[in-house]
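A.B. asks: Mind having a look at this structure? Questions to follow.
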Amino acid sequence: MTQRIFTDDRCLEHRVPFGYPESHQRLEAMLDGLTTGWAVVRGGEHDGVERAIAAVHDGRYVESFRRAVERRDGLLGSSDNPLSQGTWIAARAAAETTLRAVDWVLDTPGGEAFVAVRPPGHHAERSMAMGFCYFNNVAIAAEYLVRQHGMERVAVFDFDVHHGNGTQHIFESRPDVLYVSVHQWPFYPGTGSADEIGRGAGKGATLNIPLPGGRGDDEYRDVLSQRVLPAITAFSPQALLVSAGFDAWRADPLGGMRVTEVGFGEWGGMLRRLADSCCDGRLVSLLEGGYDLAALPVLVGSFLRGESGSGP
């Protein structure tokens, strides 16, 4: 098994006002804490990024985002989505980095990638920025696997403490992308109840597992082993994408769960074994939330060691 962290310094160019939890310091802290023991791939463009973004996001929204940055607007829609001169560059670089990681995994037998980018993506809707998210990176990756690589089944597992409303809504009417989310409930953004199971042809291809606040390693372990892994196994995906939010950490300032470093390591191991068993090891994890700057590199490191089989 070969493991790589993919990142891009352009993702640091999105700057936010003081007090916003999703800042460039998140990525800096994480990468600074993972300077040894990990192979990091930095930078690089992807010539399919515009086509991949357009396959997921409405063209009018993409253009309004670009123009808002050019006009130096302060916000994109709501106060959750601050803009700076570098926001467009950073969001586009996050999508590019995601695509490069996907290509590498497909070209590298036994390859597993962690995409360390920001802004995060799973709240971004087809036509709306939301919750610190501008482009939905994991949705872009899933659609890219279907359209450009001909995959018939792609699974997305989201363990961010907040429900990934954007990812669910983008794919909820389709049977070819399975969306599984374990998240705190009730909580932001207010979506993700257990009765949201998809629509039309996609009915049954959405699985939400809402958990009350205060749950920790034991409860998450049971949910993953008894519900998440069997659902993904039954779907038999050709690739597994993970929205990896680390805000279920017991001391995260925006979360309300009690997951420990050991728990994140266990999840990494479980997902690695799942990918090995159902999709020839094709596994790409993308950074979403996680707002404890001191803990974030520790938690990501534990998750990656779990994926590599070396323990939390």
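Read-outs throughout are calculated quantities, based only on the coordinates presented, and are distinct from any laboratory measurement. Note that the coordinates shown come from a computational prediction; the quantities given were computed from them, not determined experimentally. Every residue, glycine among them, receives a Cβ derived from its backbone with ideal geometry; neighbour counts consider all protein chains shown.
A.B. asks: Please state the charge dipole magnitude for segment 79-222, taken about the Cα centre, from unit charges on C-beta atoms (+1 on K and R, -1 on D and E), reported in debye and rounded to the nearest 20. Spell out each step's value before the answer.
C.D. replies: Working: 11 positive and 18 negative charges, 81 e Å.
So the magnitude is around 380 debye.
A.B. asks: Here's something else I'd like to know. For segment 77-109 and segment 195-235, write down the distance between their C-alpha centroids in whole Å.
C.D. replies: First find each Cα centre; the distance between them is then 26 Å.
A.B. asks: Please state the shape class of segment 109-175: rounded when a/c is under 1.5, otherwise prolate if a/b exceeds b/c and oblate if not, all from the C-alpha gyration tensor.
C.D. replies: Cα axes put segment 109-175 in the oblate bin.
A.B. asks: Follow-up question, since we're still on this one. Please list, by residue number, everything in segment 272-292 whose backbone N is under 13 Å from a paramagnetic label point 7 Å out along Cα→Cβ of residue 233.
C.D. replies: 273-279
A.B. asks: Here's a follow-up. Using a Förster distance of 22 angstrom, determine the FRET efficiency expected from the C-beta separation of residue 173 and residue 51, and round it to 0.05.
C.D. replies: Working from the Cβ atoms, E equals 0.55.
A.B. asks: Restricting everything to alpha-carbon atoms, can you work out Rg to Rh for the chain with a Kirkwood hydrodynamic radius?
C.D. replies: Working: Rg = 17.4 Å, Rh = 18.9 Å.
We get a ratio of 0.92 for the chain.
A.B. asks: Sticking with this structure for a sec: Charges at C-beta only: +1 for Lys and Arg, -1 for Asp and Glu. How large is the resulting dipole of the chain about its Cα centre, in Debye rounded to 20?
C.D. replies: Magnitude of the dipole: close to 300 debye.
A.B. asks: Binning at 10 angstrom from zero up to the longest distance, how are the C-alpha pair distances of segment 1-129 distributed in percent?
C.D. replies: 12, 41, 33, 12, 1
A.B. asks: Order by neighbour count: 89, 53, fewest other Cβ atoms within 10 Å first, most last.
C.D. replies: On the way: 89 17, 53 24.
Fewest-to-most ranking of 89, 53: 89, 53.
A.B. asks: Using DSSP, restrict attention to beta bridges with both residues in the chain and report what percent are antiparallel, rounded to the nearest 5.
C.D. replies: Around 10 percent antiparallel, to the nearest 5.
A.B. asks: Ok, one more. Could you give the dipole magnitude of segment 135-285 about its Cα centre, charging the beta-carbon of Lys and Arg +1 and that of Asp and Glu -1, in debye to the nearest 20?
C.D. replies: Dipole magnitude for segment 135-285 comes out near 260 debye.
A.B. asks: Oh, and also: Which length gain, in nm to one decimal place, applies between residue 18 and residue 78 when the Cα-Cα distance is subtracted from 0.36 nm times their residue separation? Present the calculation step by step, with values, prior to reporting the outcome.
C.D. replies: On the way: separation 60, 0.36 × 60 = 21.60 nm, distance 1.66 nm.
Taking 0.36 nm per residue and subtracting the Cα distance, the gain is 19.9 nm.
A.B. asks: Beta carbons within 10 angstrom, averaged per residue: use that to sort the peptides 116-124, 141-149, highest first.
C.D. replies: Ranking, from highest mean packing down: 116-124, 141-149.
A.B. asks: Test of understanding: what is the full-extension gain from residue 221 to residue 60, defined as 0.36 nm times their sequence separation minus their Cα-Cα distance?
C.D. replies: Numbers: separation 161, 0.36 × 161 = 57.96 nm, distance 4.19 nm.
Length gained, residue 221 through residue 60: 53.8 nm.
A.B. asks: Here's another thing I want to ask about it. Please state, rounded to one decimal and in Å, the Kirkwood hydrodynamic radius that segment 49-195 gives when every pair of distinct Cα atoms enters the mean of 1/r.
C.D. replies: The Cα-based Kirkwood calculation yields 15.7 Å.
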